[in-house]
Amino acid sequence: MHWKKFKNKDHHGFKLFDDNDKVILKMELPNKKSPFKATLECDNEVYKIKRKGFWKSEIFIVDDKDKLIAEVNNEKQHYGMGSIKMANHKYYYTYRNNPLVELIIYLQPEEPLISYKLITKSKSPSVSLQIGDSFKGTRHKKLLIGLGWYMFQPIARENQIIHSE
């Protein structure tokens, strides 16, 4: 799987392609002020990512009827750690340097479900997306992959990366 950037008049964003170059997830980021920060399209459904709080540090995913689907909590924000509540499951995430920045989403620390990390190939940076074997059949897999990219893409953008591997 890999992400590719796109841009049009009203939006810019990213599309996630599978190994057969089929789009499986699309994230749009509005170019103008909007009450939501991004939309995720997967399996013919549209979800909105919203941010709340004084520092806009609280992240929520809602469906098209504004029903809460997922909530990101920054329990240890200064340590780059927190949790994601989604469909009666509680996932955890952490940012770490390994040696470059990496975001890991997991149920158990020793079994990462998703990881995004900066890598260097031929002296140019890119992003590696890895999905753990235990995560293959999970119902909300695509939403967690999209949420992970939403959380990691500012780091990729800061490093001038427009795609992932």
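The values are calculated or read from the model by the stated rules, or taken from the named source; none is laboratory data. Here the structure is a predicted model, which is why all the values come from computation and not from measurement. Glycine also receives a Cβ, built like all others from the backbone with ideal geometry; neighbour counts cover every protein chain displayed. When the accessible area is computed, the model is the full protein with side chains, heavy atoms only, and any ligands, DNA or RNA have been set aside. Shrake-Rupley method; radii C 1.70, N 1.55, O 1.52, S 1.80 Å.
Solvent exposure of the range 1-126, expressed per residue, is 65 Å² of accessible area, with all protein chains present and a 1.4 angstrom probe. Which residues does a label at Arg96 reach in the range 108-149, if reach means a backbone N under 18 Å from a point 7 Å past the Cα toward the Cβ? Counting only backbone N, you get 108-119, 128-134. Shown for the chain: the carbon plus sulfur share of the solvent-accessible area, taken with all protein chains present and a 1.4 angstrom probe, equals 48%. On the basis of the beta-carbon distance and an R0 of 25 Å, Phe17 and Lys65 show a calculated FRET efficiency of 0.30. For the chain, averaging the sequence separation of C-alpha pairs within contact (under 8 Å, six or more residues apart) and dividing by the residue count gives a relative contact order of 14 percent.
So what is the relative contact order of the range 74-145, in percent, for Cα pairs below 8 Å that sit 6 or more residues apart?
Details: 109 pairs, mean separation 12.0, N = 72.
That works out to 17 percent.
Radius of gyration (Cα atoms) of the chain, expressed as a multiple of 2.2 N^0.38 Å: 0.99. Which lysines have a Cα lying under 18 Å from the Cα of Lys48, excluding residues fewer than 8 positions away in the same chain? Qualifying lysines at Cα under 18 Å: Lys15, Lys26, Lys32, Lys33, Lys37, Lys56, Lys65, Lys67, Lys85, Lys141, Lys142.
Per DSSP H run of at least 4 residues, take -39500 (n - 2.57); add these up for the chain, divide by its residues and hand me the 222 nm value, nearest 500 deg cm²/dmol.
Working: 1 runs with 18 residues, N = 165.
That comes out to -3500 deg cm²/dmol.
Ranking of Thr94, Thr120 by solvent-accessible surface, largest first: Thr120, Thr94 (1.4 Å probe, protein heavy atoms only, all chains present). Connecting C-alpha atoms closer than 10 Å in a GNM of the chain, tell me which of His12, His140, His89 has the biggest fluctuation. It is His89.
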